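Right, one structure below, let's go through it.
Values quoted throughout were computed directly from the atomic coordinates according to the rules given, and no laboratory measurement underlies them. No experiment lies behind these values; they were computed from the predicted model shown. Every residue, glycine among them, receives a Cβ derived from its backbone with ideal geometry; neighbour counts consider all protein chains shown.
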């Protein structure tokens, strides 16, 4: 394999560096964060969802956010997140939008939940963190993600699943199952009660 | 009680620490992955020994008293994700080709738990060493005095309280040897 890189002039190097240094700047996101900094935490939850929608994220009606999650990602960051309706999202969440994160309806995210979409390949011992790998995460309807749990890239959570607080989920979770621990294992099988009370 | 005399060196180094704190305050406002080279350059300029081609993708938070910069030493070809936290009561030495995820904490302050009236009194400090080529996942906590061996991988959200042997994959309380794997 020919690994020779094309020779760059100094000017091209400067332009490449500047581009790399500024790719993470999303003016709409910065404006959103500046605006939302005025709102007190755990207050104005519906307003926060409204502002996120105005900034360009797809968020269903009735979703409430206690704090703006920490968001990072590339240029297609705004199209990479979709949140369903009537979700409750607590403060200090981390959403890594390198790939798609799909959150269903009536999902509850506890405080400090981290959903990651980028990881590294496991490489040689001299440099374990190899090339970056991106894979999407999907959270089913009615899921509860406990406080400070971590969802690793490529995971699909079935409808009605529960993730215990502090768990690290690295495999797909079947519907109506409670998982917990590091790495997350099945703790309990929940009853999928089909209630049409409303 | 010890009376310390302020020397010219102290004034200079405290000026550098003040500048480091000011830089932390400024670069904290950057979104992750923005101005990464500028952050790394600022840290280098303010006395943190960082090897070539290492990049801080977000400004780390540095805590501790006195000359912080001299206690942090980082090798070449490393990558540090956003919101890393270094408690620099003691030396934190990080080798070459090390990758560190987001929200990782390096703690060096030890606690005296023997007093029932005050279980968390500051006792002293212990250094942290991270070997070459290791990879520390997101939201890990590295406790004081821990040595992570070369080529080890720490999974996400793990609290590392004991030394990690070289070429080990640590995930929660389970550990798997990677010695036969590449």
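Quick notes on this structure:
- Degrees, to the nearest 10: A:10-22 long Cα axis against longest axis of chain A: 10 degrees
- Residue exposure proxy: A:78, B:33, ordered by other Cβ atoms within 10 angstrom of their Cβ from fewest to most, comes out as A:78, B:33.
- Principal-axis analysis of the Cα atoms of chain A puts helix A:27-36 at an angle of about 40° to the longest axis.
- Residues residue A:132 and residue A:50, FRET efficiency given R0 of 51 Å [Cβ-Cβ distance, rounded to 0.05]: 0.95
- Based on Cα contacts under 8 Å between residues 6+ apart, chain A shows a relative contact order of 11 percent.
- Helix-only mean residue ellipticity at 222 nm for the protein assembly as shown, each DSSP H run of n ≥ 4 adding -39500 (n - 2.57), per residue, nearest 500: -5500 deg cm²/dmol
- Residue among A:26, A:120, A:176 with the largest mean-square fluctuation in a Gaussian network model of chain A, springs linking Cα atoms under 10 Å: A:120
- For the stretch A:44-185, share of DSSP beta bridges that run antiparallel, in % to the nearest 5: 15 percent
- Neighbour-count order for B:62, A:18, fewest beta carbons within 10 angstrom listed first: A:18, B:62
- Beta bridges assigned by DSSP with both partners in the stretch B:8-172 are antiparallel in approximately 10 percent of cases.
- In the elastic network of chain A, a GNM with C-alpha springs shorter than 10 Å, the most mobile of A:15, A:107, A:54 is A:15.
- Here the Gaussian network model covers chain A, with springs between Cα atoms less than 10 Å apart; of A:13, A:171, A:70, A:13 fluctuates the most.
- The fewest-to-most ranking of B:57, A:11, B:181 by surrounding Cβ atoms within 10 Å reads A:11, B:181, B:57.
- Share of Cα-Cα pairs in chain B lying beyond 19 Å, as whole percent: 60 percent
- DSSP beta bridge pairing in the stretch B:131-178, given as percent antiparallel to the nearest 5: 35 percent
- Stretching residue A:38 away from residue A:122 to a fully extended chain increases their span by 26.0 nm, per 0.36 nm per residue minus the current alpha-carbon distance.
- Value of relative contact order over the stretch A:1-105, rounded to a whole percent, pairs C-alpha under 8 Å and six or more apart: 23 percent
- Chain B: relative contact order as a whole-number percent, Cα under 8 Å and 6+ apart: 13 percent
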